[in-house]
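Below is one structure; the comments refer to it alone.
What follows draws every value from the coordinates through simple rules; no lab data is involved. The shown structure was predicted, so the numbers you read here are calculated from the model rather than taken from an experiment. Note that each Cβ is placed from the backbone with ideal geometry, even for glycine, and that neighbours are counted across all protein chains shown.
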Amino acid sequence: MRIKPQAEKASCVNDFLDLARVRQGMRTDRELAEALQVGSPAVSNWRHGSKGLSPMTCMKLAELAELPLGLVLGTICEANAPNEEEALVWRKLADESVAAKAAVAALRQSARQKRN
């Protein structure tokens with residue numbers, strides 16, 4: 001069993017936080033905190049890996065980052081999983097969420113082409 005270091009756990013969270021800021025045109029973590037309806041210290045704690053995100057915050061973060069909830073929740077929970085078996089479950093959720101989103105996009109594209 002490999003326990004991930006704090007910095008590695010925080011890295012995936014930082015990627016999602018940064019993506020949400022970019023996609024929403026935010027310049028500061030304070031703006032991001034307001035959009036997530038949390039205090040600025042919460043974002044700082046997440047960035048440093050000293051606190052975890054709640055499922056509700058993951059949902060808001062996924063919406064702001066314009067990503068599937070399963071990807072965000074699965075990736076963050078995988079990083080914090082206590083063992084490899086649990087990490088595998090979260091990784092599978094993330095992977096299947098991305099695959100499902102791609103399948104839906106392909107179906108929509110096909111339907112548009114048939115209409116034209």
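Residues in segment 62-85 that are part of a helix (DSSP H, G or I) and small (Gly, Ala, Ser) were compared, and the one that is nearest to the chain's Cα centre (by Cα) is ALA62. Picking from residues in segment 66-88 that are loosely packed, with under 13 Cβ neighbours inside 10 Å and free of Cβ contacts under 8 Å to residues at least 60 places away in the same chain, the one that is farthest from LEU19 (Cα to Cα) is GLU85.
Mind counting the residues in segment 28-61 that are assigned to a helix (DSSP H, G or I), in contact (Cβ under 8 Å) with a residue 40 or more places away in the chain and either in contact with an Asp or Glu (Cβ under 8 Å, 6 or more places away or on another chain) or surrounded by 19 or more Cβ atoms within 10 Å (Cβ to Cβ) (or both)? Residues meeting the conditions: 1.
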